[in-house]
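Here's the structure we're looking at; comments come further down.
The values are calculated or read from the model by the stated rules, or taken from the named source; none is laboratory data. All values derive from a computational prediction rather than experimental measurement. All Cβ positions, glycine included, derive from the backbone under ideal geometry; neighbour counts span all protein chains shown. We work out accessible area using only protein heavy atoms, side chains counted, and drop any ligands, DNA or RNA first. Shrake-Rupley method; radii C 1.70, N 1.55, O 1.52, S 1.80 Å.
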Amino acid sequence: MGLDKRELISQLAERLQYSDRLAHRAEAEAREAARSLATESEKKEDGRAAIEYGSLATGQAARARRVQEELSALNAFQQAALPRFERKSPVSLGAIVDVRTEDEDGYDERTFFLLPVGAGTELTGPGGDGFLSVITPASPVGRALMGRRTGDCIEVTLAGEVHEWTVLDVA
């Protein structure tokens, strides 16, 4: 596969940092909206709106804390020596896994990067070539892939639909 895992992890860290900035900005805007509504008028509706904005600000602060925790976990993972995988190695944290499914329309191949955080994030391959989906061991696909090897088949139910994939490569 020849993908630079550190570059991919940096790409994920950039996306998490962007999400953190958005959460902090949304929190500040919601807090300011709650303050200005609370002082402009004493109408019941304005009071309710101020409470809603306050709740929104609290939710955004919690989102920012979660993102910071994810960034810390990603940084700790990256500081450790990234595991090296041979083609027949079992899938574990840090693996890039190519899978293929076959249906009436032909073949569909996907690439997953198994990391401790960032589930659902799409990363771009070198030079914008191809996409990788970040999965975690807690996700259905991550759980199904853990310990599997090249040539193994997995079955995963996503959104009520069963998907069967064959592991093509582990790197």
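Points to keep in mind about this one:
- Single residue of the stretch 152-171 satisfying the filter (in contact (Cβ under 8 Å) with a residue 40 or more places away in the chain and of a type in the set (D, E, K, R)) that is farthest from R84 (Cα to Cα): E164
- Among the conditions (1) open to solvent by less than 50 Å² (accessible area, probe 1.4 Å); (2) touching a residue at least 40 places away in the same chain (Cβ under 8 Å), the only one that R149 does not satisfy is (1).
- Within the stretch 120-132, the set of residues being closer than 13 Å to V97 by Cα and surrounded by 17 or more Cβ atoms within 10 Å (Cβ to Cβ) comprises just one member, L132.
- Flag if R143 is out of contact with any helix residue (DSSP H, G or I) (no Cβ under 7 Å at 6 or more places or on another chain), farther than 20 Å from R87 by Cβ and modelled with pLDDT of 95 or more: yes
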